Amino acid sequence: TDTAIRFPAADTVTVETSGSERVRVTSAGNLLIGTTSAVSLNNITAGFELHALATTNGASASIARFNNDNVGCQLNFGKSRSGTLSPGTIVQNNDVLGEISFCGDDGTDINSRAARIACEIDGTPGANDMPGRLVFSTTADGSASPTERMRIRSDGNISIGGGGAAN
């Protein structure tokens with residue numbers, strides 16, 4: 001009696017357990033877990049959000065693999081320049097394939113990033129050829145946006161201090 005699937009608004013579906021809403025799919029197609037409305041982080045309202053309030057483990061996510069082999073878990077980011085779900089439009093030099101941003105509440109919002117790790121295209125990609133670089137950025141005290149601090153280029157050269165030049 002305390003578990004339900006409800007339709008609280010037009011084009012919205014919720015799942016409830018123990019008398020509380022746990023999952024919501026909005027009319028915009030957003031999947032919300034632990035919240036009833038989307039929250040902007042880093043000025044982005046994500047299509048999937050996981051929130052937790054005052055729980056032991058907070059808004060944690062776990063990926064585990066249980067198999068007798070040498071393969072671990074994967075978190076995969078993908079990018080295409082195609083405007084549809086059909087791949088086939090090649091990415092270009094300097095495209096960002098994915099990033100991990102670390103944002104904190106500054107008393108106004110949660111849009112200021114303290115740090116960023118990004119993977120970018122580092123050259124001309126082609127069939128089964130995807131040159132990439134990793135860029136590590138941190139935000140200085142008194143600033144609201146990260147600055148590049150280290151880069152690992154596709155040729156293996158590492159630059160420290162920004163600028164992309166090999167050191």
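The values are calculated or read from the model by the stated rules, or taken from the named source; none is laboratory data. What you see is a predicted model, and the numbers here were worked out from it, not measured in a lab. Quick reminder, even Gly has a Cβ in these numbers, built from the backbone with ideal geometry, and neighbours come from all protein chains shown. Ligands, DNA and RNA are excluded from the accessible area calculation, which covers all protein heavy atoms including side chains. Shrake-Rupley method; radii C 1.70, N 1.55, O 1.52, S 1.80 Å.
Scan region 134-149 residue by residue and report those that are open to solvent by 60 Å² or more (accessible area, probe 1.4 Å), part of a loop (DSSP other than H, G, I, E, B) and free of Cβ contacts under 8 Å to residues at least 24 places away in the same chain.
Hits for region 134-149 are Asp141, Gly142, Ser143.
Select from region 44-60 the residues that are under 18 Å from the mean Cα position of the chain (by Cα) and either at pLDDT below 75 or open to solvent by less than 90 Å² (accessible area, probe 1.4 Å) (or both) and list them in ascending order.
Within region 44-60, the subset under 18 Å from the mean Cα position of the chain (by Cα) is 44-52, 58-60.
Answer for region 44-60, where residues must be under 18 Å from the mean Cα position of the chain (by Cα) and either at pLDDT below 75 or open to solvent by less than 90 Å² (accessible area, probe 1.4 Å) (or both): Thr45, Ala46, Gly47, Glu49, Leu50, His51, Ala52, Gly58, Ala59, Ser60.
Just checking, which of Leu41, Leu32 is open to solvent by 50 Å² or more (accessible area, probe 1.4 Å) and aliphatic (A, V, I, L, M)?
On the way: Leu32 fails: open to solvent by 50 Å² or more (accessible area, probe 1.4 Å).
Just one listed residue meets the conditions, Leu41.
In region 81-99, is there at least one residue being touching a Phe, Trp or Tyr at 6+ places or on another chain (Cβ under 9 Å), closer than 29 Å to Ile152 by Cβ and open to solvent by 60 Å² or more (accessible area, probe 1.4 Å)?
If we filter region 81-99 for residues that are touching a Phe, Trp or Tyr at 6+ places or on another chain (Cβ under 9 Å), which is where we start, we get 97-99.
Still in the running and closer than 29 Å to Ile152 by Cβ: 97-99.
From what's left, open to solvent by 60 Å² or more (accessible area, probe 1.4 Å): 99.
Yes, some residue in region 81-99 is touching a Phe, Trp or Tyr at 6+ places or on another chain (Cβ under 9 Å), closer than 29 Å to Ile152 by Cβ and open to solvent by 60 Å² or more (accessible area, probe 1.4 Å).
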